[in-house]
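What follows is calculated from the coordinates using simple rules that are stated; it is not laboratory data. Note that this is a predicted model, so its numbers are computed, not measured. Glycine gets a Cβ as well: all are built from the backbone with ideal geometry, and neighbour counts include every protein chain shown.
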Amino acid sequence: MPFLDHVLQRPSYGWKDNQGNLVRPTAGQVFLEFFSRLNVFKDRRNWLPFLSWLKVLCLVPFFIVFLVYYLHWWTLLAAFLYSMIIMGTHGTIWHHRYCTHGAYKFRNPFWRFITQNLTINVIPEEIYVISHHVHHAKSDQPGDPYNAQAGFLYCFLADVNHQPIAKDLSEADYNRVKLLMRHTGVAANSYEQYLKWGSYVRPGNALLSWLLNWSFWYLAFYLLGGHALACSLFGAAGFWAVGVRTFNYEGHAKGEDKQREGTDFSQNDKSINQLWPGIVAGEWHNNHHLYPKSARSGFKRHQVDLAWYYIKLMHTVGAVSSYKDYKKHFYTHYHQPYLQSKMKDLNHDSVV
């Protein structure tokens with residue numbers, strides 16, 4: 001069986017039925033799977049998805065305090081910028097383009113560490129990276145961990161139900177997981193530790209990095225704007241942590257065929273380019289599916305790509321040693337042929 005077919009923990013309702021069709025679980029099945037997989041008392045190997053949602057729950061009090069005590073025009077603006085732009089762009093820079101696709105390389109571990117911790121720590125790299133490789137290999141097909149055709153909840157709770165790595169990988173397959181993760185700088189469990197904890201990342205390391213990251217950023221925000229700014233931005237991070245779980249459902253058109261001619265050129269799946277995610281986070285999703293390893297996905301003039309601007313800046317100052325950019329390839333092989341085709345059709349219609 002190919003590695004990507006079994007690297008993720010299979011949900012109890014399965015990926016596909018006996019005829020090979022996508023299983024669309026009921027809401028009850030999705031929630032039952034969700035709470036079962038968060039149960040660390042039942043199985044301690046559930047610790048990583050539990051930790052991921054524990055972070056979200058820990059951000060909720062900050063959001064409430066922000067709304068009750070610190071809701072002013074300037075804190076609202078700061079929260080908007082932090083959740084919609086800074087957190088979103090960082091997710092694209094770090095989790096998406098670097099950790100998963102290796103679209104660029106850092107000159108040394110120092111700059112990798114700085115980029116990793118540019119924002120409040122929320123999403124575990126392991127849960128994102130391995131499952132995202134599967135997503136690209138099986139996009140909108142059975143086995144895609146966030147297949148939009150299976151519904152909103154299927155995508156929204158995917159980080160618990162579908163994205164964690166399997167708990168019974170062979171040592172050879174676990175070593176392949178390590179190969180996919182080692183450039184991220186996240187320290188790996190040994191195979192024996194993996195069998196005990198069910199994860200690539202070490203629990204102690206995950207807890208320590210969470211504590212240090214949150215302590216640093218709360219202190220930094222407090223020094224800049226007191227508890228008002230700190231609570232506002234931590235609350236904004238919680239808002240983003242929930243909202244980002246809706247992205248793949250929307251980015252794959254809610255499972256429908258909504259691709260537009262001349263805009264969405266990758267036609268092997270249902271991904272679409274959307275203006276808002278593109279502008280605030282550089283997530284021109286159809287472009288990304290066309291060139292997953294590109295450090296830039298905003299190819300057209302209007303396609304603002306803040307993630308790419310950061311990567312390019314880091315390359316200019318020497319922090320990034322190399323990157324991959326497929327903009328010229330996109331214009332040569334997709335955009336220009338499309339324009340030429342439309343021009344021929346126009347000329348043909350005028351002659352007729």
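Quick look at the numbers
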| quantity | calculated |
| --- | --- |
| Percentage relative contact order, the chain, counting C-alpha pairs under 8 Å, at least six apart | 24 |
| Radius, Kirkwood style, for the stretch 198-352 when every pair of distinct Cα atoms is counted (Å) | 19.0 |
| Top of Phe106, Phe35, Phe62 by mean-square fluctuation, Gaussian network on the chain, Cα under 10 Å | Phe35 |
| Spin-label model distance (nm) - Asp173 vs Lys105, 7 Å beyond Cα toward Cβ | 3.0 |
| Exposed-loop-free span, longest in the chain, where GluC sites (Glu not before Pro) count as exposed if DSSP calls them loop and at most 12 other C-beta atoms lie within 10 Å | 1-255 |
| Most mobile listed residue (Asn39, Asn287, Asn147) in the chain, GNM with C-alpha springs under 10 Å | Asn39 |
| Residues of type lysines that Lys167 reaches as a straight line, Cα spacing below 19 Å, ignoring anything fewer than 8 places off in the same chain | Lys42, Lys178, Lys196 |
| Label assignment, Kirkwood radius over Cα pairs in Å derived from the structure, set (i) 22.6; (ii) 21.5; (iii) 20.9 | (ii) |
| Proxy reagent accessibility, fewest Cβ within 10 Å first, across Phe50, Phe110, Phe234 | Phe110, Phe50, Phe234 |
| The stretch 277-352-the stretch 164-202 distance, computed between alpha-carbon centres (Å) | 35 |
| Among the listed pairs Lys16/Lys327; Lys16/Lys55; Lys258/Lys327; Lys270/Lys300; Lys55/Lys327; Lys270/Lys342, those beyond 26 Å (Cα-Cα) | Lys16/Lys327; Lys16/Lys55; Lys55/Lys327 |
| Relative contact order of the stretch 168-315, defined on C-alpha pairs under 8 angstrom at six or more residues apart (%) | 10 |
| Amide N proximity, the stretch 314-330 versus Lys293 label position 7 Å along Cα-to-Cβ, cut-off under 18 Å | 321-330 |
| Inter-centroid distance (Cα atoms) of the stretch 110-138 relative to the stretch 1-72, Å | 17 |
| Potential extension, Ala166-Glu192 segment - 0.36 nm per residue separation minus Cα distance | 7.9 nm |
| Of the DSSP H helices in the chain, those whose Cα atoms cover at least 30 Å axially and whose Kyte score averages 1.0 or more | 47-69, 203-243 |
| Residue-span extension gain [His302 to Asp5] - 0.36 nm each, minus C-alpha spacing | 103.1 nm |
